[in-house]
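Undergrad: So that we are looking at the same thing, I have put the structure below in structure tokens.
The values are calculated or read from the model by the stated rules, or taken from the named source; none is laboratory data. Note that this is a predicted model, so its numbers are computed, not measured. Here the Cβ positions follow ideal geometry from the backbone for every residue, glycine too, while neighbour counts run over all protein chains shown. SASA here: full protein model, heavy atoms, side chains in, ligands and nucleic acids out. Shrake-Rupley method; radii C 1.70, N 1.55, O 1.52, S 1.80 Å.
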Amino acid sequence: MTRLSVVIPALNEAANLTRLLPALARDCPGAEIIVVDGGSRDETAAVVARQPGARLVMSERGRARQMNAGARQAIGDVLLFLHADTWLPADAGAALDRALAEPGVVAGRFDVRFDNPRPVLRMVAWFMNTRSRASGICTGDQAIFVRRADFEAVGGYPDIPLMEDIELSRRLKRRGRLAALRLRVTTSARKWEREGPLRTIGLMWALRVLHFCGVAPARLHRWYYGAKGAP
């Protein structure tokens, strides 16, 4: 039986963690839960301290660095990287166990849906899932899971400020198959609601194309946050 470690990068996510951590304890019994704080100024640390079994790790700010820091502290042989505003389905643990039991599978992800039922957001989720299934590339919103041995073999997440999930997927694909589960996680639509679905789609595709063309992730990070406002 595999031991699952759930690694959650966080920055000022106390409100979401208040909902997420009890749900994880209920739906993933026995899983190790690690919240990696990148310097929150809210009640993140207090929320983690109140949740039995959850552990707080401090790290430099930056999603890739935070997830790598959590992975280094984890004891599980399967790592699941979960955003603080994303919720797993009740049988997620059993589903990823089944996926990793298939020959050649080293990692995987879930399908995604948004917590807002607007038709345009359902369409966005469908395109995200379809593109990921066709390309074999996983994104962080889809709750990436990976065997610890394979994660370490590729050097973990690359230390880049943007597109770290895409680069990790590319490296893992060289080692084996990435499972695309149809079971869905539910993620917050706050980014899409705040910035507008069409504008966000355009920006994300532009960044992907530029990344594919070799533009440095640090430059993309500056453009991204310049276009959307400071994080």
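Undergrad: Restricting to segment 109-139, and then to whatever is under 17 Å from Arg199 (Cβ atoms) and part of a loop (DSSP other than H, G, I, E, B), can you tell me which residue is least open to solvent (accessible area, probe 1.4 Å)?
TA: It comes out as Asn116.
Undergrad: Considering every residue within segment 149-157, establish whether at least one is among the hydroxyl-bearing types (Ser, Thr, Tyr) and at pLDDT 95 or above.
TA: Yes, segment 149-157 contains at least one residue that is among the hydroxyl-bearing types (Ser, Thr, Tyr) and at pLDDT 95 or above.
Undergrad: Another question about this same structure. Tally time: how many residues in segment 171-209 are open to solvent by 60 Å² or more (accessible area, probe 1.4 Å) and either assigned to a strand (DSSP E or B) or more than 27 Å from Asp91 (Cα to Cα) (or both)?
TA: 11
Conditions tested, residue by residue: (1) touching a residue at least 60 places away in the same chain (Cβ under 8 Å); (2) farther than 21 Å from Gly62 by Cα; (3) in contact with a Pro (Cβ under 7 Å, 6 or more places away or on another chain).
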residue	(1), (2), (3)
Phe114	yes, yes, no
Arg122	no, yes, no
Ile160	yes, no, yes
Met163	no, no, yes
Thr186	yes, yes, no
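Undergrad: Just one of (1) over 21 Å from Leu20 (Cα atoms); (2) in contact with a helix residue (DSSP H, G or I) (Cβ under 8 Å, 6 or more places away or on another chain) trips up Arg98, so point out which.
TA: (2)
Undergrad: Being outside any strand (DSSP E or B) and surrounded by 16 or more Cβ atoms within 10 Å (Cβ to Cβ) is the filter here, so list the residues in segment 74-97 that pass it.
TA: Once the filter is applied, which keeps residues that are outside any strand (DSSP E or B) and surrounded by 16 or more Cβ atoms within 10 Å (Cβ to Cβ), segment 74-97 yields Ala74, Gly76, Leu82, His83, Ala84, Asp85, Leu88, Pro89, Ala92, Gly93, Ala95, Leu96.
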